[in-house]
Amino acid sequence: MKRIENVAVIGAGIMGSGIANTIFKHNLKATLFDLRTEALAQACEEIKHQARRGMDPANIIMAESLKDAVQGADLIIEAVFEDLDVKRALFAEVAGAAAEDTIFASNTSSLSVSAMAEASGRK
């Protein structure tokens, strides 16, 4: 079984920043990316501000690009806009930059995960 140490979270809105915060609180490296640089910076600062004693602020990283976010990630969690075409495009792009054994996950509440996975070209 693959050991999860580095997690990339794509989307720094309410859900994405909450997911990254939970990862960070479990002392895992969380790399957060969003096209909206202001939202990204705000989410990272808020997570660092909430850090408890003994937590390493270096474990929350603000990625400058999607490629930077997913390189070296053991797990990628998407938390972008709830639109199948947006999520499929993201999975297709991420598949080209992530390692072959990287696990992809979605924060969707209503869309087909199979349709997203299909876009990645992976099994």
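Observations on the model:
- With a simple spin-label model that places each label point 7 Å from the Cα along the Cα-to-Cβ direction, the separation between ASP68 and ALA89 comes to 2.2 nm.
- Nitroxide proxy distance, nm - points 7 Å out along Cα→Cβ at ILE14 and ALA41: 2.4
- For the range 30-77: rounded, prolate or oblate by the Cα gyration tensor [a/c cutoff 1.5]: oblate
- Å² of accessible area per residue within the chain, as computed with a 1.4 Å probe and no ligands counted: 59
- Heavy-atom accessible surface of ASP56, to the nearest 10 Å², is about 70 Å², with a 1.4 Å probe and all protein chains retained.
- Helix 84-97 and the longest principal axis of the C-alpha atoms of the chain enclose an angle of approximately 80°.
- Computed accessible area, ILE10, all protein chains, 1.4 angstrom probe, square angstrom: 10
- Angle of helix 14-25 to the longest C-alpha principal axis of the chain, folded into 0 to 90 degrees and rounded to 10: 60°.
- Lysine pair count for the chain (Cα-Cα distance under 19 Å; residues 8 or more apart in sequence or on different chains): 7.
- Sequence-distant contacts, meaning Cα pairs under 8 Å at least 6 residues apart, place the relative contact order of the chain at 27 percent.
- Helix 37-49 vs. the chain, principal-axis angle (Cα, 0 to 90°, nearest 10): 50
- For the chain, the carbon plus sulfur part of the accessible surface works out to 52%, probe radius 1.4 Å.
- Helical content of the chain, expressed as a calculated mean residue ellipticity at 222 nm, amounts to -12500 deg cm²/dmol (DSSP H runs of 4 or more residues, -39,500 (n - 2.57) each, divided by residue number, nearest 500).
- Whether the range 1-47 is rounded, prolate or oblate, judged on the alpha carbon gyration tensor where a/c under 1.5 counts as rounded: prolate
- DSSP-assigned coil residues among trypsin sites (Lys or Arg not before Pro) in the range 1-109, each with at most 11 further Cβ atoms within 10 Å: LYS2, ARG3, ARG52, ARG53
The values are calculated or read from the model by the stated rules, or taken from the named source; none is laboratory data. The shown structure was predicted, so the numbers you read here are calculated from the model rather than taken from an experiment. Using ideal geometry, Cβ is built from the backbone for each residue, glycine included, and neighbour counts are taken over all protein chains shown. Accessible surface areas use protein heavy atoms only, side chains included; no ligands, DNA or RNA. Shrake-Rupley method; radii C 1.70, N 1.55, O 1.52, S 1.80 Å.
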